[in-house]
Every structure is written in structure tokens, then in C-alpha cells.
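A.B. asks: Provided herewith is a single structure, encoded as C-alpha cells, for subsequent inquiry.
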Amino acid sequence: MSKHRIIIDTDPGQDDAVAILLALASPEEIEVLGITAVAGNVPLALTQLNARKVCELAGRPDVPVFAGCDRPLGRDLVTAEHVHGKTGLDGPVLPDPQMRLQEQHAVDFIIDTLRAAPAGSVTLCPLGPLTNIAMAFEKAPDVVTRVREIVLMGGAYFEVGNITPTAEFNIYVDPQAARIVFRSGVQITVMPLDVTHKALVTRARNDAFRAIGNRVGRAVAEMTDFFERFDKEKYGSLGAPLHDPCVTAYLIRPELFSGRHINVEIETGSELTMGMTVADWWRVTGRPANALFIGDIDADGFFALLTERLARL
Ligand code: BDR
Ligand code: CA
């Protein structure tokens, strides 16, 4: 499989940070063309700042970071400081970045990159609300068919919801954007809560991050220490789910994951179930498959990969 040339669209977020670090630690498999920030876990001013902090933590101030949309397409922004802390990246103390934010708008960067690259050569990796991606598709419909694939974190079926009883956070924040993306015709691989809730940072796994002994290992362990207090309380689980790194791990080791090609539609009409991913897991509708919906993960293999790669930074 040829190297993945990717744009990471993100709202860091501790788990977004780990996803970015994993990508930057894996140059044989992944080339990060740019990072586009979107409003989500915290407002845009913080997500673009956090994205730059993470690049510098990885020793990669050369990766261009762009700021994108500061609100969802048709709704007020909902944030998740209750999970990620006031900064969005609470836990480790990371210095203010020296690298500059790019002047170009993230949506224009996505469009220009897709137009300039050979068709079918760039993969989009959204780790937050899908606002930037949908805006790019709306503004420049010609770029849609140029995307190689979208691998995203969002949605849920068996796990249902984490921000409402029926919706996962990334989809709930901008359901209109999600609908545009899921109906775009681009090949989509989805990492829903069904799989990310199996990627739990147990005490032993977090000790392994810390034991790497480098700055990145310590920072990731401290992020998880912060992030897990919320999930342990909420789910009574063994540790924090590392949602977003499932996306970048899939690019490196797809055999760690399994799922089904199914139809996924996004609820945008009902306030009660707004942002629900109506996933036809049992294939009862006859609607055409538009996504590979992942359901399972080799969690030990996933954490072994993460620990091995973070040690390289
Ligand atoms: C998703 O929401 C955010 O809080 C996480 O970063 C992840 O992308 C999980 O629902
Ligand atoms: Ca995220």
C-alpha cells in the first residue's frame, strides 16, 4: 500500500493530540500535508493553538497549521470543556508555540491541496466536527471526487451516544456538515464509539507511555491522567477511550480493525435524536453502503503500536 498523504482536520483535544503524534511518528506510512483546525471540543482560537503546540511537542514546527470554521454550519457551537478541560488540552504544561499559524483559511487549504495533488491521492482524516470538510465540498464541489478516502472518528451504533442519549459529540456538533460528508459519495471509514470505547487506556497502558521516558511519552501519560477522570466516572470503565488515534492507527495497521460496509445516514431533523448516526448494521434497509463502519479492534496491538511509535519522537 502506498504512503498515505493526509490532511488532519481536528479540534485538539487530548485524544486528537495523540492521533496527531502517532501520524507524525510514522513517516514511512503517513505524510501529513497539513493540519486544519475546527471549532469543537473548545473554540477555534484554542484548537488552532493546541494543534501548533502538538506539532512542536513532536518536534515538527514545519507542519503547516490552518484555522478553519469557528462554528457549525447551521447551529450554535457546543463545546466539551467538561471532558477536555478549559484549554482543551489540560494535563501537561505545554509551552506556547513559536511556529506561526498559516494565513490561509483551512477550507481553502483543503480545496487547493485537493486540486493540486493527483486525483485520488489525498486522504482526509477528520477528528472533530465535519464543518471544514463540508464547507470545502460545498464551496468547491469539483474536489469531492479528488479525495482518495475519508477516515474519520465520529458516530456510534451499539454505543448510541456520549453527548446526548443518541448522538456522538463530533456528529452532534455539526449534523448538517456530517450529512453533507456522508452523502458525498467519497469512500468513508468510520471509527464510532463502538470501537473507540474498546481502546481504553488502562493503568498498565498509561504506565507504558510514561515509561517511554521521552517528553512525548510523559505528555501523553499526563493528558490521559486528566482525560480519564471524566470517563471513569461516567462509564465506570477501566480508563479513557483513545477515540481519535484509531483513525491514524487504521492508516498504519488496518488489520487491527474490523467492520462492515453499510449505509449510514445522519439525523438532522429531530431535536430529540439530532446528530444520530443511523447505521444499518444489520442491512435491513436496502440503502446502498456508503461507509465502512468499524466495530472491533485488537486493543493490545493498537497500544503496542502507539507505544512503539511515540518512543520515536
Ligand atoms: C470525540 O469527541 C471529542 O471529545 C474527542 O476528541 C473525539 O473526537 C469523541 O466523541
Ligand atoms: Ca476530536
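The values are calculated or read from the model by the stated rules, or taken from the named source; none is laboratory data. In this text, all values refer to a predicted model and were calculated from it rather than measured experimentally. So basically every Cβ, Gly included, is an ideal-geometry build from the backbone, and we count neighbours across all protein chains shown. Surface accessibility is based on the protein's heavy atoms, side chains included, excluding ligands, DNA and RNA. Shrake-Rupley method; radii C 1.70, N 1.55, O 1.52, S 1.80 Å.
A.B. asks: Failed condition for residue 211, given (1) at pLDDT below 95; (2) open to solvent by 10 Å² or more (accessible area, probe 1.4 Å); (3) aliphatic (A, V, I, L, M), with all others met?
C.D. replies: (1)
A.B. asks: Which one is nearest to residue 242 (Cα to Cα), of the residues in segment 188-204 that are touching a residue at least 60 places away in the same chain (Cβ under 8 Å) and more than 14 Å from ligand 1 (Cβ to nearest atom)?
C.D. replies: That would be 189.
A.B. asks: Being more than 16 Å from ligand 1 (Cβ to nearest atom) and either surrounded by fewer than 20 Cβ atoms within 10 Å (Cβ to Cβ) or at pLDDT 95 or above (or both) is the requirement here; does residue 119 meet it? Outline the logic, then answer.
C.D. replies: Working: more than 16 Å from ligand 1 (Cβ to nearest atom): yes; either surrounded by fewer than 20 Cβ atoms within 10 Å (Cβ to Cβ) or at pLDDT 95 or above (or both): yes.
In short, yes.
A.B. asks: Within segment 239-266, how many residues turn out to be open to solvent by 10 Å² or more (accessible area, probe 1.4 Å) and assigned to a strand (DSSP E or B)?
C.D. replies: Total satisfying the criteria: 6.
A.B. asks: Right, here's the next one. For residues in segment 1-36 being part of a strand (DSSP E or B) and of a type outside the set (A, V, I, L, M, F, W, C), which is nearest to ligand 1 (Cβ to nearest atom)? Lay out the reasoning, then the answer.
C.D. replies: Just the residues of segment 1-36 that are part of a strand (DSSP E or B), to begin with: 4-10, 30-36.
Right, trim to of a type outside the set (A, V, I, L, M, F, W, C) and you get 4-5, 9-10, 31, 34, 36.
On the way: 4: 19, 5: 22, 9: 11, 10: 8, 31: 22, 34: 19, 36: 14 Å.
Going through the qualifying residues, I end up with 10.
A.B. asks: Just checking, which of 168, 222, 233, 159 is open to solvent by 40 Å² or more (accessible area, probe 1.4 Å) and touching a residue at least 60 places away in the same chain (Cβ under 8 Å)?
C.D. replies: On the way: 168 fails: open to solvent by 40 Å² or more (accessible area, probe 1.4 Å); 233 fails: touching a residue at least 60 places away in the same chain (Cβ under 8 Å); 159 fails: touching a residue at least 60 places away in the same chain (Cβ under 8 Å).
Matching residue, one of 168, 222, 233, 159: 222.
A.B. asks: Of the residues 131, 87, which is among the hydroxyl-bearing types (Ser, Thr, Tyr), within 16 Å of ligand 1 (Cβ to nearest atom) and within 29 Å of residue 217 (Cβ to Cβ)? Walk me through it before giving the result.
C.D. replies: On the way: 131 fails: within 29 Å of residue 217 (Cβ to Cβ).
Only one candidate passes the filter, namely 87.
A.B. asks: Among the listed residues 46, 22, identify the single one that is at pLDDT 95 or above, over 14 Å from the mean Cα position of the chain (by Cα) and within 14 Å of ligand 2 (Cβ to nearest atom).
C.D. replies: Working: 22 fails: over 14 Å from the mean Cα position of the chain (by Cα).
Step by step, each of 46, 22 is checked, and only 46 is at pLDDT 95 or above, over 14 Å from the mean Cα position of the chain (by Cα) and within 14 Å of ligand 2 (Cβ to nearest atom).
A.B. asks: From 228, 233, which residue is modelled with pLDDT under 95, of a type outside the set (Lys, Arg), on the phi < 0 side of the Ramachandran plot and touching a strand residue (DSSP E or B) at 6+ places or on another chain (Cβ under 7 Å)? Write out each step before concluding.
C.D. replies: Details: 233 fails: touching a strand residue (DSSP E or B) at 6+ places or on another chain (Cβ under 7 Å).
Being modelled with pLDDT under 95, of a type outside the set (Lys, Arg), on the phi < 0 side of the Ramachandran plot and touching a strand residue (DSSP E or B) at 6+ places or on another chain (Cβ under 7 Å) holds for just one of 228, 233, which is 228.
A.B. asks: Further question: Checking the structure you have, find out if any residue of segment 74-86 is open to solvent by 50 Å² or more (accessible area, probe 1.4 Å), aliphatic (A, V, I, L, M) and assigned to a loop (DSSP other than H, G, I, E, B).
C.D. replies: The answer is yes, given that some residue of segment 74-86 is open to solvent by 50 Å² or more (accessible area, probe 1.4 Å), aliphatic (A, V, I, L, M) and assigned to a loop (DSSP other than H, G, I, E, B).
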